[in-house]
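Report on the following structure.
The values are calculated or read from the model by the stated rules, or taken from the named source; none is laboratory data. All figures in this text were calculated on a predicted structure; none of them were measured in a lab. Neighbour counts run over all protein chains shown; Cβ positions are idealised from the backbone, glycine included.
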Amino acid sequence: MTTATLRGPLTRSELLALPAAVDVETAARAFGIGRTTAYALARTDQFPCKVLRAGKAYRVITEDLLRVLHIAPENSDGAGPSRPTPSDENALTNQH
């Protein structure tokens with residue numbers, strides 16, 4: 001069993017509390033993938049978000065991780081902005 005399986009994926013609140021950069025294992029938990037798969041994807045530049053290599057260590061920028069997962073502090077479910085954007089409001093008023 002992998003670390004991601006043992007601890008489960010990260011919750012939204014855990015993701016928002018992450019530091020500026022995290023290791024590949026933490027980012028893998030966010031995606032619900034295992035450690036071995038995560039490192040294999042990182043080595044072949046196929047990880048779901050950008051991975052930086054610092055010597056032998058791999059790091060993921062949390063901002064990019066959150067962007068790929070469509071998670072932002074101002075929304076509750078990652079599905080988009082919590083308030084209508086000006087273009088949404090214009091579309092609603094122009095439907096008449």
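Take the residues of the range 25-62 that are among the charged types (D, E, K, R), surrounded by 13 or more Cβ atoms within 10 Å (Cβ to Cβ) and outside any strand (DSSP E or B): which is farthest from the chain's Cα centre (by Cα)? Steps first, please.
In the first step, residues of the range 25-62 are kept if they are among the charged types (D, E, K, R); the result is 25, 29, 35, 43, 45, 50, 53, 56, 59.
Adding the requirement that they be surrounded by 13 or more Cβ atoms within 10 Å (Cβ to Cβ) leaves 25, 29, 35, 43, 50, 59.
Adding the requirement that they be outside any strand (DSSP E or B) leaves 25, 29, 35, 43, 50.
Details: 25: 13, 29: 10, 35: 16, 43: 19, 50: 11 Å.
Among those residues, the one meeting the criterion is 43.
Taking the range 1-24 as the range and being in a helix (DSSP H, G or I) and either at pLDDT 95 or above or β-branched (Val, Ile, Thr) (or both) as the test, the residues that pass are 3, 5, 24.
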